[in-house]
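Peer 1: If you scroll down you'll find the structure; I have some questions about it.
The numbers here are math on the coordinates, done by the rules we state, and not lab data. The structure presented is a predicted model; accordingly, all values stated were derived computationally and were not measured. Here Cβ is always computed from backbone atoms with ideal geometry, including for glycine, and neighbour counts include all displayed protein chains.
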Amino acid sequence: MVAQDALQGLKVLELGQLIAGPFAGKTLADFGADVIKIEPAEAGDPLRKWRLLREGTSVWWEVQSRNKRSVALDLKTPEGQQAVRALAGQADVLIENFKPGTLEGWGLGWDALHALNPKLIMLRISGFGQTGPYAGKPGFGVLGEAMGGLRHLTAEPGRVPVRVGVSIGDTLAALHGVIGVLTALRHREVNGGQGQMIDVALYESVFNVMESLLPEYDAFGAVRGAAGSALPGIAPSNAYRCQDVDGNVAYVLVAGNGDSIFRRLMVAIGRDDLAQDPGLARNDGRVARVAEIDAAIEAWTLERPIANVIATLEAAGVPVGRIYTVADIASDPQYLAREMIVQTQDADGRPLKVPGIVPKLAATPGRLHSPAPRLGQHTEAVLGAVRAGRGWPAANDEA
């Protein structure tokens, strides 16, 4: 028997495109929210054509838009705007990630929709937020990552800063947006409140996870800089060279920064002298001598194959691991055991492996209800219900 979905009955209208807004919608849909996605009538969400395409459609699209319905509308027309009003009047949540002011120009801003549906929760994701001197600027994830302080840290010292490799700024904004939606729902349903607007800025979402960056600057004038694979101020935690199966250089990640873990690590690599050194018993002492510690660890790892390094340190209870490629991920037993590699199929029945659902809820786990839709697949069913005055159409209505 399938457990009831945690967000069953939650009606979500998604107006966003590309990454941040749609990722928030995907997360809610994974836990049972009924998400109707509005797409431009001509070409659809641009993500349909991003990165690698299979028969004309991005496989990324298959992940980002699973469990959603697609309605093709031109929001610049009175007909499209009226359809959004009709759906927003029935919705619990509306998600958008346009440049601030865009929806207002179409008569679909917060004031208009809140007056129409006082219970509506409106998640607005933008580069710099809805207010402030930068609000009107266009903002993508890369700018949020840079302004939020992350890009300055992602490099080897003295080298050009690099990107993380994925659109982490957009995703962080989406997850903060989901937190906001669930918090607003709690207030509305438990405290008897109305709906409210949630204002999420990409740069603020990045800045929110920057740990001690600001207080260190305020208290000490310290400007943290790039540190490559090390974790400044916490030791030892780094990537160390060792041997791959073919004798080439590989890298192993070792996190020996707990006090007792450090002692076990030093014993495991044959450096009992460092394990017993009172000056290294606490993190502050180790930070002062991090170069000496890193050199001792790498002198040991360089002489060994990576499998031997991992086995030895795991036996000693030291956190250790190798750097995964997606090929490693796809066959890893931990991923498979926790259903993080899910076999599904697209709307045309072609098989495809996609990431599983996070987080894991014991009683009401998320699940894949339906594949990502074809462009406008549900337009007639949804708009037919709107035109007939039936309000929000049931999710099992067929186009």
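Peer 1: Under the rule of at least 5 residues apart or a separate chain, name every residue whose amide H is placed under 5 Å from the amide H of Asn67.
Peer 2: His369, Ser370, Ala372
Peer 1: Suppose R0 equals 35 Å. What FRET efficiency, 1/(1 + (r/R0)^6) with r the Cβ-Cβ distance, do Ala43 and Tyr134 give to the nearest 0.05?
Peer 2: With R0 = 35 Å, the Cβ-Cβ based efficiency is 0.75.
Peer 1: Out of residues 5 or more away from Met122 or on other chains, whose amide H comes under 5 Å of its own, with H placed 1.01 Å from N in the peptide plane?
Peer 2: Leu94, Gln196, Met197, Ile198
Peer 1: Testing the spin-label approximation: label points 7 Å from Cα along Cα→Cβ at Ala222 and Arg241. State their distance in nm.
Peer 2: Between Ala222 and Arg241, the simple spin-label model gives 2.9 nm.
Peer 1: Follow-up question, since we're still on this one. Using each residue's phi in segment 147-162, evaluate 6.51 cos²θ - 1.76 cosθ + 1.60 at θ = phi - 60° and report the 3J(HN,Hα) Karplus result to the nearest Hz, with x for Gly and Pro.
Peer 2: So the J values, rounded to whole Hz, are 6, x, x, 6, 4, 4, 9, 9, 5, 7, x, x, 9, 5, x, 10.
Peer 1: Let me ask you something else. Counting other beta carbons within 10 Å of each Cβ, put Val326, Val166 in order, fewest first.
Peer 2: The fewest-first ordering by Cβ neighbours comes to Val326, Val166.
Peer 1: With a cap of 16 neighbouring Cβ atoms within 10 Å, and only residues DSSP puts in a loop, list the trypsin sites (Lys or Arg not before Pro) found in segment 1-95.
Peer 2: The qualifying sites are Arg51, Lys76.
Peer 1: For segment 367-399 and segment 210-227, what is the centre-to-centre distance using only Cα atoms, to the nearest Å?
Peer 2: 50 Å
Peer 1: A further question on this structure: Tell me the net charge near Ala201. Cut-off is 13 Å between Cβ atoms, Ala201 excluded, with +1 for each Lys or Arg and -1 for each Asp or Glu.
Peer 2: -1
Peer 1: For the chain, what is the number of Lys pairs with C-alpha distance below 17 angstrom, counting only pairs 8 or more positions apart or on separate chains?
Peer 2: So the count of such lysine pairs works out to 13.
Peer 1: Would you mind checking which residues have amide H under 5 Å from Gln377's amide H? H placed 1.01 Å from N; only 5 or more apart, or other chain.
Peer 2: Ser70
Peer 1: Using Cα pairs closer than 8 Å and at least 6 residues apart in sequence, work out the relative contact order for segment 194-320, in percent.
Peer 2: In percent, rounded to a whole number, it is 26.
Peer 1: I'm spelling it out carefully: the read-out is percent of Cα pairs over 35 Å apart, the candidates are (1) 40; (2) 22; (3) 29, and one was derived from this structure. Which label?
Peer 2: (1)
Peer 1: Go ahead and run the numbers for FRET between Ser260 and Tyr324, Cβ-Cβ distance against an R0 of 41 Å, rounding to 0.05.
Peer 2: The pair Ser260/Tyr324 has a calculated efficiency of 0.90.
Peer 1: What is the spin-label model distance, in nm, from Glu156 to Glu79 if the labels are put 7 Å beyond Cα along the C-beta direction?
Peer 2: 5.9 nm
Peer 1: If the only charges are +1 at each Lys and Arg Cβ and -1 at each Asp and Glu Cβ, what is the size of the charge dipole of the chain around the Cα centre, to the nearest 20 debye?
Peer 2: Its charge dipole is roughly 520 debye.
Peer 1: Could you pull out the longest piece of the chain with no exposed loop GluC sites (Glu not before Pro) in it, calling a site exposed if DSSP puts it outside H, G, I, E, B and it has at most 15 other Cβ atoms within 10 Å?
Peer 2: The longest such stretch corresponds to 56-210.
Peer 1: Shape call for segment 237-323 from the C-alpha gyration tensor, a ≥ b ≥ c root eigenvalues: rounded (a/c under 1.5), prolate (a/b greater than b/c) or oblate?
Peer 2: prolate
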